[in-house]
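Here the structure is laid out as structure tokens; the discussion comes afterwards.
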Amino acid sequence: TGQALVLGFETSCDETGIGLVRGRTLLSDALATSMAEHERFGGVVPEIASRAHLEAMVPTVHRALADAGVTAGDVDAVAVTSGPGLTGALLVGVAAAKAYALALGVPLYGVNHLAAHVAVDELEHGRLAEPSIAMLVSGGHSSILLVPDLSQDVQELGRTIDDAAGEAFDKVARVLDLPFPGGPPIDREALAGDPRAIAFPRGLTGPRDAAYDFSFSGLKTAVARWVEAQQRDGVPVRVPDVAASFQEAVVDVLTAKAVRACRDHGVDHLVIGGGVAANSRLRAVAQERCDAAGIVLRVPSRRLCTDNGAMVAALGSRLVEAGVTPSDPDLGADSSLPI
Ligand code: KG4
Ligand code: ZN
């Protein structure tokens, strides 16, 4: 076909994701996760994640190749998340990607995890409009990006100054005795709750606050205090109402700032990615507010919002297409890789 077959490696957190993409066509997306091993710790334990990546790596690559109906020899380029993320976890992916690239004699592209969360949308909705505004919300990051050119110019307009949005979901779930990761159960509980039951604070939304930065730690604390106060007074906590009110506070701030970023920069395309983009209320409110503001909204399907290998292959494919110079063979991992 002439389009490059790109093999993508994602190991920045707890998912071992291996994806295969040809051009903008998703061929396979194999995933192994160590989530269950972290559950009892209430968060991802780096050492456990690294070891799990090591064990899952080769079988997951084989599964991705088999699912796509190709062999390793068909691969034209290798892409890997080189940061940001957990150093030990990233290193497993980078080492594996380098080994495959070297053995296959194909170019290697180290990519930024955040840019890959944006690129994955192209597999479902076609070429990204440029410029676009991108909002990435997950357990490890919450950022608003201006994307003039996905292959070489992505600028961060703002980010969280404390907890990531997904982290807030995870911590509030803990307070409510819901399982980890907390996003899905809160999303579910909230369906039966009243989002206006409790007025939780909206962080960094004052006139003098940074327009595109987020703060979720005050919200998390406010929820914990509220639940404690109810329990002290012997009032049963209505979990669906707390979940819905907390979720509403997060979604309100996220969507308001994303739409504002579009307006301020004269951009009429917004893409939302990262694990929290799977949230049903976020998807609904973002759609309402974008419709009202004349902004075209793109959100990948839930499966592609969370970490996976296809997103890395998608960005790699973009870099191959743009003729970007491949990474050096001594590519390293950078836990705080800037965009
Ligand atoms: O992108 P991701 O898979 O991994 C990171 O890079 O962090 O995101 C995981 C995060 C977790 O904090 C999880 O609670 C959150 O995404 N999440 C959700 C939902 N599904 C996953 N948050 C809110 N609503 C959801 N439906
Ligand atoms: Zn992520």
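The values are calculated or read from the model by the stated rules, or taken from the named source; none is laboratory data. Computed from a prediction, not measured in an experiment: that's the story for all the values here. Using ideal geometry, Cβ is built from the backbone for each residue, glycine included, and neighbour counts are taken over all protein chains shown.
Just one of Ala192, Ala211, Ala197 is within 16 Å of ligand 1 (Cβ to nearest atom) and of a type in the set (A, V, I, L, M); which is it?
Matching residue, one of Ala192, Ala211, Ala197: Ala192.
Go through segment 1-31 and report how many residues are within 23 Å of Leu90 (Cβ to Cβ) and modelled with pLDDT under 95.
3
Would you point out which residue out of Gly218, Gly234, Gly193, Gly275 is within 16 Å of ligand 2 (Cβ to nearest atom) and closer than 27 Å to Arg174 by Cβ?
Gly275
In segment 1-59, which residue that is surrounded by 16 or more Cβ atoms within 10 Å (Cβ to Cβ) and touching a Pro at 6+ places or on another chain (Cβ under 8 Å) is nearest to Gly139 (Cα to Cα)?
Ser12
From the list Gly332, Gly309, Gly266, exactly one residue is surrounded by fewer than 23 Cβ atoms within 10 Å (Cβ to Cβ) and touching a Gly at 6+ places or on another chain (Cβ under 9 Å). Which is it?
Gly332 is the lone residue from the list that is surrounded by fewer than 23 Cβ atoms within 10 Å (Cβ to Cβ) and touching a Gly at 6+ places or on another chain (Cβ under 9 Å).
Which pairs do you get when a residue that is under 16 Å from Val267 (Cβ atoms), found in segment 135-148, comes within reach of a residue that is more than 12 Å from ligand 1 (Cβ to nearest atom) and of a type in the set (D, E, K, R), reach meaning Cβ atoms under 7 angstrom, with the pair 6+ apart or on two chains?
Note: pairs meeting the criteria are Ser143/Glu156; Ser143/Arg159; Ile144/Lys257; Leu145/Glu156; Val147/Glu130; Pro148/Glu130.
Just to be sure I understand the filter: pairs with C-beta atoms under 6 Å, separated by 6 or more residues or on different chains, first member in segment 278-305 and farther than 25 Å from Pro185 by Cβ, second member within 15 Å of ligand 2 (Cβ to nearest atom) and outside any loop (DSSP other than H, G, I, E, B). Which pairs pass?
Once the first residue is farther than 25 Å from Pro185 by Cβ and sits in segment 278-305, its partners that are within 15 Å of ligand 2 (Cβ to nearest atom) and outside any loop (DSSP other than H, G, I, E, B) give Arg298/Val271.
Just wondering, is there one or more residues in segment 153-162 that are within 16 Å of ligand 1 (Cβ to nearest atom), farther than 21 Å from Leu297 by Cβ and hydroxyl-bearing (Ser, Thr, Tyr)?
Yes.
Kindly provide the set of residues from segment 25-46 that are within 26 Å of Leu7 (Cβ to Cβ), of a type in the set (A, V, I, L, M, F, W, C) and more than 19 Å from the chain's Cα centre (by Cα), ordered by number.
Selection gives Leu27 alone.
Name the residues in segment 124-169 that are more than 16 Å from ligand 2 (Cβ to nearest atom) and touching a Cys at 6+ places or on another chain (Cβ under 8 Å), would you?
The one that is more than 16 Å from ligand 2 (Cβ to nearest atom) and touching a Cys at 6+ places or on another chain (Cβ under 8 Å): Ile133.
So is Leu54 in contact (Cβ under 8 Å) with a residue 24 or more places away in the chain and in contact with a helix residue (DSSP H, G or I) (Cβ under 8 Å, 6 or more places away or on another chain) or not?
Spelling it out, Leu54 is indeed in contact (Cβ under 8 Å) with a residue 24 or more places away in the chain and in contact with a helix residue (DSSP H, G or I) (Cβ under 8 Å, 6 or more places away or on another chain).
Condition first: surrounded by 12 or more Cβ atoms within 10 Å (Cβ to Cβ) and without any contact (Cβ under 8 Å) to a residue 24 or more places away in the chain. Can you find one or more residues in segment 193-202 that meet it?
Within segment 193-202 (the criterion being surrounded by 12 or more Cβ atoms within 10 Å (Cβ to Cβ) and without any contact (Cβ under 8 Å) to a residue 24 or more places away in the chain), the answer is no, since none of the residues qualifies.
Can Ile295 be described as of a type outside the set (Asp, Glu), farther than 21 Å from Lys98 by Cα and within 16 Å of ligand 2 (Cβ to nearest atom)?
no
All but one of (1) touching a Leu at 6+ places or on another chain (Cβ under 9 Å); (2) away from ligand 1 (no atom under 14 Å from the Cβ) hold for Gly274; state the number of the condition that does not hold.
Of the numbered conditions (1) touching a Leu at 6+ places or on another chain (Cβ under 9 Å); (2) away from ligand 1 (no atom under 14 Å from the Cβ), the odd one out for Gly274 is (2).
Quick check: anything in segment 24-39 within 13 Å of ligand 1 (Cβ to nearest atom), in a strand (DSSP E or B) and on the phi < 0 side of the Ramachandran plot?
Taking every residue of segment 24-39 in turn, at least one turns out to be within 13 Å of ligand 1 (Cβ to nearest atom), in a strand (DSSP E or B) and on the phi < 0 side of the Ramachandran plot.
When you go through Glu55, Glu47 one by one, which is the residue that is at pLDDT below 95 and assigned by TED's automatic domain parsing to the domain that holds Ser12?
Unique residue meeting the criteria: Glu47.
Can you find a residue that is in a strand (DSSP E or B), closer than 24 Å to Glu15 by Cα and more than 7 Å from ligand 1 (Cβ to nearest atom) anywhere in segment 165-184?
no
Could you tell me whether segment 196-210 includes any residue that is within 24 Å of Leu297 (Cβ to Cβ) and touching a Phe, Trp or Tyr at 6+ places or on another chain (Cβ under 9 Å)?
Yes; the residues of segment 196-210 include at least one that is within 24 Å of Leu297 (Cβ to Cβ) and touching a Phe, Trp or Tyr at 6+ places or on another chain (Cβ under 9 Å).
Inside segment 124-139, can you point out the residues that are out of contact with any Gly (no Cβ under 9 Å at 6 or more places or on another chain) and either more than 27 Å from Asp170 (Cα to Cα) or not β-branched (Val, Ile, Thr) (or both)?
Glu124, His125, Gly126, Arg127, Leu128, Ala129, Glu130, Ser132
Which is farther than 27 Å from Ser280 by Cα, within 16 Å of ligand 1 (Cβ to nearest atom) and modelled with pLDDT of 95 or more, of Ala116, Ala89?
Just one listed residue meets the conditions, Ala89.
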